[in-house]
Structures are given as C-alpha cells and as structure tokens.
Amino acid sequence: MAETSMTFPPLHSANQRVALLDGNHALSYAALEDRVVRLASGLLGQQQDLMERRIAMFMPAGFDYVTSLLGIWRSGGIAVPLNVHAALPELEHVLETAGVSVILVSGDRHKQLAGLAPLCLRLGISLVAIDRLLDVDIRSLPVLQDNRRAMMLFTSGTTNRPKGVVSTHRNIRAQITTLIKAWHWLATDRIPLFLPLHHIHGIINVLCCALWSGASVTLFPRFDTEFVLRGVAAGDWTLFMAVPTIYVKILQHLPGLPPAEQARIRDGFSAMRLMVSGSAACPVKLFTDWQAFTGQCLLERYGMTETGMTISNPLEGERRAGAVGQALPGVEVVLFDEDDSRILDDHVPGEIRIRGDNVFNEYWQNPQATQEAFRDGWFCTGDTAELDRGYFRILGRSSIDIIKSGGYKLSALEIESVLLSHEAIAECAVIGIADDTWGEAVCACIVLKEGMQLTREILREWCRERMSAYRIPQRVCLMEALPRNAMGKVMKPQLKTLVATLT
C-alpha cells in the first residue's frame, strides 16, 4: 500500500508480527493496517480528505485507541485524544475550544458522556462508535503533506485555562525519529504502555516510537502494580517507560512480596535494555534506590507537550542522577538569561529555549499566546536550568503556578478557579509541595467564609465531580489569611515556606 501520511509509513500489510497486545488478544501489524485503513475510509465517507477536521477520541488504551489515532491521521483529520478520567467541565472546555465535530467512542463510553449530550447537540458533535466505522469498504486515502496539522493535545500553562497544542505531521515525525535514533529502538523491542494516552509521554515516547520501529506494545487501561510486575517477572518486555511516581510505587510494593518473587521481578528489570523516567523530576534517592534494586540506571529525559522530548541522558554513556542530559539529535537547546543573551558557562541559570522540527505549530486559535511563546525563532519553555559539564540540570519553573505531580503538569490557577466556586471558600491559593511519591503534591491553602466549615474529606469529595483525580488537592490548609503584597497578589513563595513549617 502506498504511503498515505507523513506521520506514519505503511504498517506493512504482509507483516504478521505482533504489534499490539491487549489482555489475551494480539493484533498483528497486518491486522492493524487493515483496521486503520477501514476506519480512515469510514471517517471519510464520501469525502476525499477530512481537511483537518478535529476528531476527538474517548477511549482507554486498546486496539480501538490505536486504530482511531492512526485512522484520523490517515484520513487528513486532527486527532484530539481526550482524558477518559476528566470531569465533564474539563471535557467541555476541550471540545468547545478545539471545535470538535466527532467523538469516537468504544464499548460503553456512551454512558460516561451522557452529561455532554446538551453540549454535543449545541455544537453539532456526533458520537460515533468505532465498530460502525470499521464495517465499510476500503477506499483510497488522501496523500498528505508534512505541514498538515495532525494532533491537538491540551496542556495547562500559566494561564487559567488549558491551551490546545497543535502539532503537524512533520513535528510528530521529528519527535518520533529523534527518540528512535537516541534510544536505539528495535523491531524486537517489547514495551508495556500504561501511561495516559491524552499525554505526549504515552502517545509519542511509547506507542508511536514502538509502532514506527515495528516493536510490540502491551496495552493497559491504567497502571496495575501487581499485573505489570507479573509481566516484568515473566520477562515480557525489553523496555520500560514510566513517571517517577510509578517507580516509587513499585519499590514500596516489593517489601510485601515473598523473597523469591522479589528476585524474579528484580531479574526481569535487570534484563531490560532500557528504563526511562520522565514527565517529572526523578529524585536522586529514587535514582540510587532503583539502581540498588535492579543494577540499572534510570534514563531521565526532559520534554514538553509543545516540543516532544528535547533533552536526554545517553543510552550509552554516563547517566547522571539529578540531570536530564544533553540535547537530542536534531534538536537545538540553549539557555538564555533575562537579557536574551546565550549562556555558555556552567552553573549559570537560564531559561531553556528550543528550536527544531519537533517544536509545535501553534496554540489552537490563540495567536497571541503562540506569538508570546516564541522569541527570535526559539520556543521559550518557561523552565530554568543550568549546564553542568555538558549536562542540563533543571532548577525549577519560571512560574510558580505550574505544579508537576505524578507526571502531569498542572495549572494552579485552573484548580483555584474551581475551588473558588465552593460556597464555603472565600479565598484560596494552590501550590505544589515536595512529595516523595508524586514529586509535588497539590496543596490548597484556603480561607473560609465567616461561619463556614470545611474538611479535607468533604472538599475532596466535592472536587471529584468537578476535576480530574490528579488535580484534586492532596493537602488542605485552612488559614486565617493569605500572604499578599502591596498590590494584593498572593505571595506564593512565602506561602510555600509557611506551609512547610506546618508539616
């Protein structure tokens, strides 16, 4: 079959090697190619090209997810993966902002989306079952140029609402191929995928790199410690990619297992050729504890939704604890000071700025935010780092309103806006506090209205209907007043110090 997308080469219809595993079911590359072409044909209907229509996907990791993602790309649409654990207001923001026309669903997900029916009716959004699209005759697919938009992921920046990060086929291709080159992906590789599939870590680093390489992916709807460790002990995988929180959970789970089972798990990890940690800083203690248990050094890397991965410790060579490594192939990474001058010396803090084909195309229908994100052709990450003998070390974020928790980058302002809708809350400020498991835990500092009462348990229960679980404050501090400056702005650095004294 001729190439129909700049993002993915053909999946080779004659290839009977296993592409995907889901429970007891396996899907070969040949079968996946057939499903992708059929779904793309079903999406097109009588059209020749979807012409960048936004097609959302609401489904867990599985054959249908992979088929949908590739099928949307092959038919000329923009894929908008949705968080299946998101609260309805969060989904509403994504769908309305992106201008989605179709939501692809599988299984019983229709029920979960019942609350969106009025919005879907108002915006003209159709809920379409995957099975219906697969039951069509194959037709010719459009030939796409690599500057066509391909995917929109939503990320929380320093603004109050998440922005739609739009990547082209060229951007995605660059993000994939730089990792394949740097991490030496092989057709013989096997990897588990339990990371969220509305996040670039799971989509690009694991799924797309594996499929591009001809490797095999075992799909999990979520991380299940016991089930995943069973596969590790059985020697099912050659690579393992996770956020630091997962590595911490594994180490915490091991002491409760029999010594023989611990040994099998240790041997399973030790036999892998690569283990990667990312999406949040890997604590030095975790790095050393993992090495002590497995004999292997975690490979830490750095990236963003807007850029894919840009910096990585080497596959072959020194992997330094606390450092994210060096610029990946084909990616330019430079530190700039506040005067926009390049920093070349070691141990001089500066903002990370990035340039390359991997950098995203735009923030959807937000030209001002897009323009503000670039300076002289460089994407400004807002993250601060320093060089240390050729390796980058992340020092912090330019904005204290970004919290990195369990692999997610969360907007404190967005969480605050939800909390302030609670009838008992007069003021609130959300900050990240250091946490051994999550990297940073979400902490809500709250001033109650006069005469009102509120407990952590009641607030968390209230939040469950209004935001994703990973955004819900893990700690709640009730305060008489929030520290503010002369302009009335909450002084969050002082607030973090104050909260630290209360622990």
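The values are calculated or read from the model by the stated rules, or taken from the named source; none is laboratory data. Fair warning: this is a prediction, and the values are worked out from it, not measured in the lab. Note: ideal-geometry Cβ built from the backbone for every residue, glycine included; neighbour counts use all protein chains shown.
Tabulated results
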| item | result |
| --- | --- |
| Residues within segment 14-25 that are surrounded by 15 or more Cβ atoms within 10 Å (Cβ to Cβ) and out of contact with any Ser or Thr (no Cβ under 9 Å at 6 or more places or on another chain), tallied | 0 |
| Matching strands (runs of 3 or more DSSP E) fully within segment 269-373 where at least 1 residues are small (Gly, Ala, Ser) | 274-277, 299-304, 308-312, 350-355 |
| Positions within segment 436-465 being surrounded by fewer than 17 Cβ atoms within 10 Å (Cβ to Cβ) and not β-branched (Val, Ile, Thr), in sequence order | ASP436, LYS449, GLU450, GLY451, MET452, GLN453, ARG456, GLU457, ARG460, GLU461, ARG464, GLU465 |
| Inter-residue pairs, beta-carbon under 6 Å, first on the phi > 0 side of the Ramachandran plot and assigned by TED's automatic domain parsing to the domain that holds LEU239 and in segment 309-326, second surrounded by 14 or more Cβ atoms within 10 Å (Cβ to Cβ) and hydrophobic (A, V, I, L, M, F, W, C), 6+ apart | GLY325/ILE311 |
| SER167 in the same structural domain as GLN365 (by TED's automatic domain parsing) and in contact with a strand residue (DSSP E or B) (Cβ under 7 Å, 6 or more places away or on another chain) | no |
| Within segment 64-86, tally of residues that are more than 23 Å from ALA210 (Cβ to Cβ) and surrounded by fewer than 19 Cβ atoms within 10 Å (Cβ to Cβ) | 1 |
| Number of the exception - ILE246 against (1) modelled with pLDDT of 95 or more; (2) out of contact with any Gly (no Cβ under 7 Å at 6 or more places or on another chain) | (1) |
| Criterion (exposed (fewer than 14 other Cβ atoms within 10 Å of the Cβ) and touching a Ser or Thr at 6+ places or on another chain (Cβ under 7 Å)) met by exactly one of LEU395, LEU410, LEU502, LEU420 | LEU395 |
| Residue within segment 254-262 that is surrounded by 22 or more Cβ atoms within 10 Å (Cβ to Cβ) and either without any contact (Cβ under 8 Å) to a residue 60 or more places away in the chain or among the β-branched types (Val, Ile, Thr) (or both) present | no |
| Leading residue by the ranking (nearest to GLU300 (Cα to Cα)) among those in segment 423-435 that are of a type in the set (Val, Ile, Thr) and surrounded by fewer than 22 Cβ atoms within 10 Å (Cβ to Cβ) | ILE433 |
| Residue pairs meeting the criteria (Cβ under 7 Å; at least 6 apart or on separate chains; first in a helix (DSSP H, G or I), in segment 464-481; second surrounded by fewer than 17 Cβ atoms within 10 Å (Cβ to Cβ)) | ALA469/HIS85 |
| Evaluation of GLN453 against (1) assigned to a loop (DSSP other than H, G, I, E, B); (2) in contact with a helix residue (DSSP H, G or I) (Cβ under 6 Å, 6 or more places away or on another chain); (3) without any contact (Cβ under 8 Å) to a residue 60 or more places away in the chain (one fails), failing number | (2) |
